[in-house]
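> Pasting a structure below so you can have a look.
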């Protein structure tokens with residue numbers, strides 16, 4: 001397990017209040033809008049102002065549901081809606097190290 005401790009991902013996310021909103025945002029991105037554009041417009045998280053960018057983080061820094069998706073998602077892929085106690089997220093991983 002210690003060999004994954006140094007592993008980090010850089011992810012962006014947007015946070016909305018319902019699964020329906022998350023699905024709508026995901027579709028807008030799939031239809032050609034940039035992730036940052038949609039995040040800036042709709043995200044309830046302060047990171048929305050930066051287009052949803054959370055920077056690099058290691059395992060265990062985010063809530064479990066978010067963490068699991070962030071570390072399993074291939075770079076450049078868009079997640080399905082993810083529910084946490086904060087609301088509904090869409091994630092994209094922009095880098096791994």
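Read the figures in this text as sums done on the coordinates, not as results from a lab. Fair warning: this is a prediction, and the values are worked out from it, not measured in the lab. Counting neighbours? That spans all protein chains shown, and the Cβs are built from the backbone with ideal geometry, glycine included.
> Once you put a point 7 Å from the Cα of residue 86 and another 7 Å from the Cα of residue 7, both along the Cβ direction, what distance in nm separates them?
2.2 nm
> Another question about this same structure. Between residue 40 and residue 68, 0.36 nm times their residue separation minus their Cα-Cα distance comes to what?
7.7 nm
> For segment 16-57, take the convex hull of the Cα atoms, compute a quarter of its surface area, and give me that in nm², please.
Dividing the Cα hull surface by four gives the mean projection, 3.1 nm².
> Can you compute the helix-only [θ] at 222 nm over the chain? Use -39500 (n - 2.57) per DSSP H run of at least 4 residues, normalise by all residues, nearest 500 deg cm²/dmol.
One gets -8500 deg cm²/dmol as the mean residue ellipticity at 222 nm.
> Something else about it: Mind checking the full-extension length gain between residue 57 and residue 30? Use 0.36 nm per residue of separation minus the Cα-Cα distance, one decimal, nm.
Working: separation 27, 0.36 × 27 = 9.72 nm, distance 2.53 nm.
My answer for the length gained is 7.2 nm.
> When ranked by the protection proxy of mean other Cβ atoms within 10 Å per residue, highest first, what sequence do the peptides 67-76, 21-30 form?
21-30, 67-76
> Another question, then. Semi-axes of the equivalent ellipsoid for segment 2-96, please: Cα gyration tensor eigenvalues, times 5, square-rooted, ordered largest first, whole Å.
Values for segment 2-96, descending: 21, 14, 12 Å.
> Taking 0.36 nm per residue of sequence separation and subtracting the Cα-Cα distance, how much length would be gained by fully extending the chain between residue 75 and residue 95, in nm to one decimal?
Numbers: separation 20, 0.36 × 20 = 7.20 nm, distance 0.59 nm.
That pair, residue 75 and residue 95, stretches by 6.6 nm at full extension.
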